[in-house]
Amino acid sequence: MSGNRRTALFLSAAVVGGAMLMTACQDEDSGAAKGSSSSTPADTSVTPPGSSATGGSQGGGKGSGGKSSGGPGTAAGTGSGTNGKAGKCRTDQLKITAKDATITGDSDNTVAVEFKNSGGRDCAISGYAGVDLKTGAGSLSAKRTGQKADSIVLKSGQSVAFGISYPVNKSGGSGVRITGLLVTPPNETKTVALRWPGAGTLPVTEDGGSPVKVGPVGSAGQGG
């Protein structure tokens with residue numbers, strides 16, 4: 001074989017070998033690239049950006065949100081009443097009336113004052129009402145009898161009463177003229193002025209003290 005032919009064959013073999021080597025390298029690079037792109041989405045789906053692999057931060061967020069939403073609910077429940085108990089009876093939700101309740105043969109005269117719950121919701125009332133008689137000689141405050149006061153829950157439309165006792169004017173004189181009645185429900189500051197339904201006068205007392213006495217709410221009966 002001539003020298004030119006051997007040189008040509010050698011060059012052809014070198015070209016073919018180099019081409020095969022380049023093809024193998026390209027296949028390896030392509031496989032590595034494919035492997036990297038397929039694994040990245042899998043990792044992202046397991047652990048999304050902004051959250052921990054254990055879910056701790058998300059769990060904490062939900063826990064905090066639960067406490068926050070529960071707080072107002074608890075406050076609202078507490079503001080609606082004390083453990084579900086009825087709130088106190090306010091002057092504005094009570095219809096207050098007075099009538100003569102004297103019983104023949106009693107040593108003293110009696111006026112009954114009635115509180116009727118017209119507020120549309122249950123309310124609690126207990127203790128002594130403030131009672132003042134308006135007279136020609138000025139205001140006269142009634143004294144408490146000291147009788148035990150019970151706590152009463154008035155349903156809507158229900159009523160309760162207490163008694164005011166005062167002496168009969170047997171002096172034969174004009175006595176002290178009564179011109180009106182002022183009533184303040186227990187634990188309230190708003191007063192209601194009523195017409196006095198009892199006897200027109202009180203006897204004059206020597207010591208100038210109050211002969212008028214008031215019993216606790218419920219002392220003159222309770223009705224519907």
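The values are calculated or read from the model by the stated rules, or taken from the named source; none is laboratory data. All of these numbers come straight from a predicted model, not from anything done at the bench. Note: ideal-geometry Cβ built from the backbone for every residue, glycine included; neighbour counts use all protein chains shown. Accessible surface is based on the protein model in full, side chains and every heavy atom, while ligands, DNA and RNA are left aside. Shrake-Rupley method; radii C 1.70, N 1.55, O 1.52, S 1.80 Å.
Here are some notes:
- Scanning the range 131-167 for residues that are closer than 10 Å to P216 by Cα, in contact (Cβ under 8 Å) with a residue 12 or more places away in the chain and more than 28 Å from the chain's Cα centre (by Cα) turns up R144, T145, Q147, K148, A161, F162, G163, I164.
- Whichever residue in the range 103-120 is under 34 Å from the mean Cα position of the chain (by Cα) and outside any strand (DSSP E or B) and, among such residues, is farthest from A161 (Cα to Cα): G120
- Qualifying residues in the range 82-136 (those that are under 18 Å from L182 (Cβ atoms) and open to solvent by 60 Å² or more (accessible area, probe 1.4 Å)) - the one modelled with the lowest pLDDT: G136
- Any hit, the range 121-130, residues being within 19 Å of P203 (Cβ to Cβ) and outside any loop (DSSP other than H, G, I, E, B): no
- Every residue from the range 137-154 that is farther than 20 Å from S107 by Cβ and open to solvent by 50 Å² or more (accessible area, probe 1.4 Å): A137, S139, S141, K148, D150, S151, V153
- Among residues of the range 155-185, those that are open to solvent by 40 Å² or more (accessible area, probe 1.4 Å), assigned to a strand (DSSP E or B) and either within 18 Å of K95 (Cβ to Cβ) or among the polar types (S, T, N, Q) (or both), counted: 2
- Residue count, the range 135-154 (criterion: small (G, A, S) and in a strand (DSSP E or B)): 3
- Among (1) farther than 30 Å from R121 by Cβ; (2) part of a loop (DSSP other than H, G, I, E, B); (3) of a type in the set (A, V, I, L, M, F, W, C) - the single one V217 does not satisfy: (1)
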